[in-house]
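J.: I'd like to ask some things about the structure below.
Any read-out appearing in this document is the output of simple, stated calculations on the displayed coordinates, not a laboratory observation. All of these numbers come straight from a predicted model, not from anything done at the bench. Cβ: placed from backbone, ideal geometry, glycine included. Neighbour counts: every protein chain shown.
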Amino acid sequence: MNPRDSIIRNMDKPLVGLYLLLMAMGWANIYSAAYDPDHANLFDTAREYGAQSIWICVSLLLGAGILLVHGEFFRNLAYPIYAFVLVLLVLVLLVGREVNGAKAWFGVGGFGIQPAEFSKFATALALSKYLSGLKTLQEVRSRVIAAMLILLPVALILLQPDTGTALVSGAFVLVLYREGLSGNILLIAIMAAILVVLSLIMKESTHAIPFTGWEMHGQYFLIFLLGVFCLLIFLFVRKFVFKHRRKRIYAYLLFAFLGSAAFISSVDRLVDRMPLHQQTRIRVLLGLEYDPRGYGYNVEQSKTAIGSGGLLGKGYKQGTFTKYKYVPMQSTDFIFCTVGEEWGFVGSTVLVLLFGALILRCIQVSERQRSRFTRIYAYCVASIFFLHLMINVGMAIGLAPVIGIPLPFFSYGGSSLIGFTVLLAILVRLDAERLEHLR
Amino acid sequence: MNNLDERKFVLIAAVLFVCAVFILRLFWLQVVDTGWAARAADISERKVTVFPSRGLIYDRHGELLVANTPVYDIMVVPREVKDLDTLGLSTLLNVPLDQVRERLHKAREYSQWKPSEFERQITAEQYAAISVHLYKYPGFYGQSRTLRAYPPHVAAHMLGYLSEVSARKVEQDPYYKPGDVIGVGGLESYYEKELRGKRGVKYVVVDVHNNVQGRFKGGQYDTLAHEGKNLYTGIDLKMQELGERLMRNKKGSIVALDPRTGEVLALVSSPTYDPSLLVGRVRNTNYRTLQQDSLVPLFDRALQAQYPPGSIFKLVQAAIALDEGVINLNTSFACNKSLVGCHAHPDARNVEEAVQMSCNPYFYHVFKREIEQGKDPNRFKDAALGMATWKTYMESFGLGHPPALDLPAAKGGSIPGVDYYNRMYGPLQWAFSTIYSLSIGQGEVLVVPTQMANLAAIFANRGYYYDPHVVRAIGSPDSLNKHVQRHETMVDDKWFPPIVEGMRRVVNEPGGTARRARIPGITVCGKTGTAQNPHGKDHAVFIAFAPMEDPKIAIAVYVENSGFGGTWAAPIASLCMEQYLTDSISRPELLKEMEDANLIATEKNYVKFVSKRRRQ
């Protein structure tokens, strides 16, 4: 056998190592978070760590199996897999089990399976397949198709509704950017986000215009400020820019101003139409509302748990704040609290750095590919992990709104563990084959 | 595509940026801002006070005088109350319906989460019936605590009671917290520190539902509660009970001491009350009732009533005179009733007979010789000199100052001296003729019943006494109270036997004044007294000790407004001593006569009145 064909030899050791390390750490954490001395058995399925043990075994077997399958298989079956997951997503809406108000689960015996978790690698495969077949992303048609590929599962997931998992698809925007999507779109998105935040903060109060006695509602004041800003740019342009360029800039300026003004006034109406709990979550996040017993409760408790860990933490299984259930969803969405409380600043930093390393390694792996399919797929993987890290840890430390998505390998849950394992295993397999193209 | 390759750096930078922001934020949360750790501790750790159980009080034979009994408070946590059946709860706890609603409302106003008292102090028997139904009322639970119980229902004054600590005390003594109990009066107050023990503190970790989940850091910051120490008194429960029975419907007191040690054997003040009247939720109402009673049952006569001693004072007068050498054993004086009134009896030919017959004129002469010793030609100055010596003698008999008793608020009586009369009449304005009634224990001299019992102990010991004390041991029965001191009188021991012989004759010879005090088979020595007073009939007093040869008990009985000392006080003392010495009563008719006697004619319904209120 050609040594180049040996998967053990060719697989990316850092990725596999990080995967195993993170999963081991994750399991130890769930064991601690849900520890019950009456059920100390590691495989006691009555406790979360017991079930998680089983899921880990399943994941390891599945991951090993994927490593043995040729990459061509995934490349060729990318669309069928995508279609299959879409069918699952439709099916779950019809026959799924409702948990916490979301029809997101297939009940299989005592276990539940969440097809939305599989949509991540399915979409990644399909998107990679489609984008790798394109020369450029400049055509409107290809952009629309790429957007459809991403948004179809999002729409189905939003119907469950599971906003968190749907939001993860935002990760694919990063992939599109890497593959040629104009940076302006990202820029505009960031600007829009800033405008949203500003208008939400300013709409709370009225503001006086300097040197006059007039008071204005915050939103209009913001538009007024933008107007003043545009006027300054206009004057600047008139003075310093060549005449033949001015017209174009004026047009941009006018468009930007009117667009922003329209956006700001529509944000207000949109926010008012949002469900109350989401409004409150946003307001708490922006510091407009202090509500430690209500919607801000989760975040407040989470920060308390993490903050009480101190520099070195309270020690393994000593995290009393999380252990005694002060943090809601402490073994799923808020698992990072256990890390923060028991391992302290040092442990949390190590965890953040390990995830950083995993993501950067994925990017590195991506950039060394000759196959476009593999490269794009690797970017999908990196982006998905990045978004999960950003939102999950960000929410636990009060930097992101409370959006229920798991921390990969740490949060309790079989579907997400399997989903992430498959996602990563396919990448490792594809990467291992990169040298085959030299033949 | 080269330009697109650059874009990987944007993504890498974004990842690095997010990681850096997270690490900085974590550094802020976990290392810089210590407020989160404090908040976590605040939320999940609780300091639980461990209350030690209060020490018990035993009599000399190990019988319980004061015990602890569990009671239950019904607590409510308003937030946990669900689908409340108010009517059912009302019947179960026997609380009126509107009260149920009002209390629940109050509890809600106080706190939704913290438990409030809903009903207080349900007895263990009642709680046993209630607790099986309590599960139907989520949010309600029973919480046990202890109250004092008095199995024999005696010695209320001596024992004292427990009360909620006052705001002032809380301010003065950091040990106490509002709501704590503290001993008031009697042993409960005097031995408060020993009885209460020491509170412990336990730090526990609670979960989000406020359930205790374990000890904080394995209990390394906990402090143990030290149980209150038991008190072992010298009280003889049977004699105490008998004494209280005998004194029923009489005003006065009984004090019995063991002359060999100073231990108090019985301490009765009458009228008294059942100590369990001042326990728990009925205390305030009962206290008010007792306080307003015209017979002042809360007043501890044994320690605080200051009476003229009457003729028992003659014993001391005789001892001082003999020691001073102003009389000898065979000095005799005629019973000259023109000096001071007396009853019909032959002239006393010596000290023994003078004591035996309690001859007033005899002691008029004795006291005259003590005061007028001829040391100064001026009879006023001579009286002042004699008075000064006499007072120091008197004080050596434990008179004129409060006894070193382990009970609060004992009074000291009064032995008038030079200063006293100088203030009263002016210096050199008084002489023996002014103060002669002191000779027979009348006039300005005042003695507390405990001091009278101590006098009996001094004559039983022939010249010395130990500080009277109730508690013989603290903590364990054999750790004896070490603070007890022996005091010698100023009178030489050799002068006591003749006076004791006189006391024997008082009881045992024809012509003695207390023949009703005899106990078959035991030689009792005693002395009667009859004290005139402005409140009606004379007070009767009798002090005694027995057996003569080896005294084991010294006793003083004081019965207000009952007339002659030999009639009422002597038999009561005799019955008590017999009970103590032989553990039996050989004269049931006498016992019945004494028990039935009602010397509080105007207030005869008093006892019924109190016992009606006895059981809450």
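J.: Roughly how many Å is it from the Cα centre of the range B:122-162 to that of the range A:326-383, as a whole number?
T.: 61
J.: Here is a follow-up. Relative to the Cα centre, what is the charge dipole magnitude of the protein assembly as shown, using +1 at the beta carbon of each Lys and Arg, -1 at the beta carbon of each Asp and Glu, and rounding to the nearest 20 debye?
T.: For the protein assembly as shown, the charge dipole is close to 4580 debye.
J.: On to the next question. Multiply the residue separation of A:Leu159 and A:Val99 by 0.36 nm, subtract the distance between their alpha-carbon atoms, and state the gained length in nm to one decimal.
T.: Residue separation times 0.36 nm, minus the Cα-Cα distance, leaves 20.2 nm.
J.: Which whole number gives the average count of other chain Cβ atoms within 10 Å of the Cβ atoms across peptide A:374-382?
T.: 1
J.: Which residues among the range B:15-43 fall inside the zone where the amide N is under 15 Å from a point 7 Å beyond the Cα of A:Leu312, along Cα→Cβ?
T.: Of the residues in the range B:15-43, B:31 have backbone N under 15 Å from the label point off A:Leu312.
J.: Pull up the DSSP beta bridges for the protein assembly as shown and report the antiparallel fraction as a percent, rounded to 5.
T.: 95
J.: Additional query: Calculated FRET efficiency, B:Thr146 and B:Leu480, Cβ-Cβ r, R0 35 Å, to nearest 0.05?
T.: 0.80
J.: Another question about this same structure. Can you give me the C-alpha center-to-center distance between the range A:1-64 and the range B:546-596, rounded to a whole angstrom?
T.: Taking the Cα centre of the range B:546-596 as reference, the centre of the range A:1-64 is 92 Å away.
J.: Give me the inter-chain shielding for A:175-186: mean count of other chain Cβ atoms within 10 Å, whole number please.
T.: Counting Cβ atoms of other protein chains within 10 Å of each residue's Cβ and averaging gives 2.
J.: For the range A:189-285, what is the convex hull volume of the alpha-carbon atoms per residue, in Å³?
T.: Each residue corresponds to 114 Å³ of Cα convex hull volume.
J.: Let me ask something additional. Residues of the range B:214-241 with backbone nitrogen within less than 13 Å of a virtual label 7 Å along the Cα-to-Cβ line of B:Arg260, please, listed as ranges.
T.: Residues passing the 13 Å test: none.
J.: Let me ask something else about it. Sort B:Arg103, B:Arg215 by Cβ crowding within 10 Å, fewest neighbours at the top.
T.: B:Arg215, B:Arg103
J.: Please give the FRET efficiency for B:Ser90 paired with B:Met424, using the beta carbon to beta carbon distance and R0 = 56 Å, rounded to the nearest 0.05.
T.: After rounding to 0.05, the efficiency reads 0.25.
J.: So if R0 is 41 Å, what FRET efficiency would B:Asn284 and B:Ser586 give, r being the distance between their Cβ atoms, rounded to the nearest 0.05?
T.: Approximately 0.35, to the nearest 0.05.
J.: Same structure again: Note down the nm distance, to one decimal, between modelled labels 7 Å out along Cα→Cβ at B:Ser111 and at A:Lys239.
T.: Here the modelled spin labels are 6.6 nm apart.
J.: Going down the list B:Lys177/B:Lys202; B:Lys337/B:Lys494; B:Lys411/B:Lys552; A:Lys325/B:Lys114; A:Lys13/A:Lys303, which pairs span over 28 Å between their C-alpha atoms?
T.: Pairs exceeding the cut-off: B:Lys337/B:Lys494; A:Lys13/A:Lys303.
J.: If you don't mind, another one. Arrange the following residues from fewest to most other Cβ atoms within 10 Å of their Cβ: B:His343, B:His469, B:His153.
T.: Fewest-to-most ranking of B:His343, B:His469, B:His153: B:His343, B:His153, B:His469.
J.: Find the Rg to Rh ratio for the range B:237-611, where Rh is the Kirkwood radius over alpha-carbon pairs and Rg uses the same atoms.
T.: Reported Rg/Rh, Kirkwood definition of Rh: 0.97.
J.: Can you run phi through the Karplus equation (6.51, -1.76, 1.60; θ = phi - 60°) for the range A:247-258 and list ³J(HN,Hα) in whole Hz, with x for Gly and Pro?
T.: Using θ = phi - 60°, the values come out as 4, 5, 5, 4, 4, 4, 4, 4, 4, 4, 5, 5 Hz.
J.: What's the ranking of B:547-553, A:318-324 by average number of surrounding C-beta atoms within 10 Å, highest first?
T.: Descending mean neighbour count gives A:318-324, B:547-553.
J.: Can you pull out the chymotrypsin sites (Phe, Trp or Tyr not before Pro) in the range B:37-143 whose DSSP state is coil and whose Cβ has at most 16 other Cβ atoms within 10 Å?
T.: B:Trp113
J.: How are the Cα pair distances of the protein assembly as shown distributed, in percent, across 20 Å bins from 0?
T.: Over the protein assembly as shown, the share of Cα pairs per 20 Å bin runs 10, 26, 19, 14, 14, 12, 5, 0 percent.
J.: Ranked by Cβ crowding within 10 angstrom, fewest neighbours first, how are A:Met23, A:Met11 ordered?
T.: Least crowded to most crowded, the residues run A:Met11, A:Met23.
J.: Full extension from B:Lys494 to B:Lys8: what is 0.36 nm times the residue separation minus their Cα-Cα distance, to one decimal in nm?
T.: Working it through step by step, the gained length comes to 163.0 nm.
J.: Then there's this: Summarise the partner chain shielding of B:7-16 as one whole number: the mean count of Cβ atoms from other chains within 10 Å of each residue's Cβ.
T.: The per-residue average across the peptide is 6.
J.: With +1 on each Lys and Arg Cβ and -1 on each Asp and Glu Cβ, how big is the dipole of the range A:1-96 about its Cα centre, in debye rounded to the nearest 20?
T.: Dipole of the range A:1-96, to the nearest 20 debye: 400 debye.
J.: With n ≥ 4 as the cut-off for DSSP H runs, can you work out [θ] at 222 nm for chain B, using -39500 (n - 2.57) per run divided by the number of residues, rounded to the nearest 500?
T.: -10500 deg cm²/dmol
J.: If you don't mind, another one. Round to the nearest 10 and give me the degree value, 0 to 90, for the angle of helix A:71-95's Cα axis relative to the longest principal axis of chain A.
T.: 80
J.: Can you tell me the dipole magnitude for the range B:237-611 around its Cα centre, using point charges on the Cβ only (Lys, Arg +1; Asp, Glu -1), in Debye to the nearest 20?
T.: Dipole magnitude for the range B:237-611 comes out near 660 debye.
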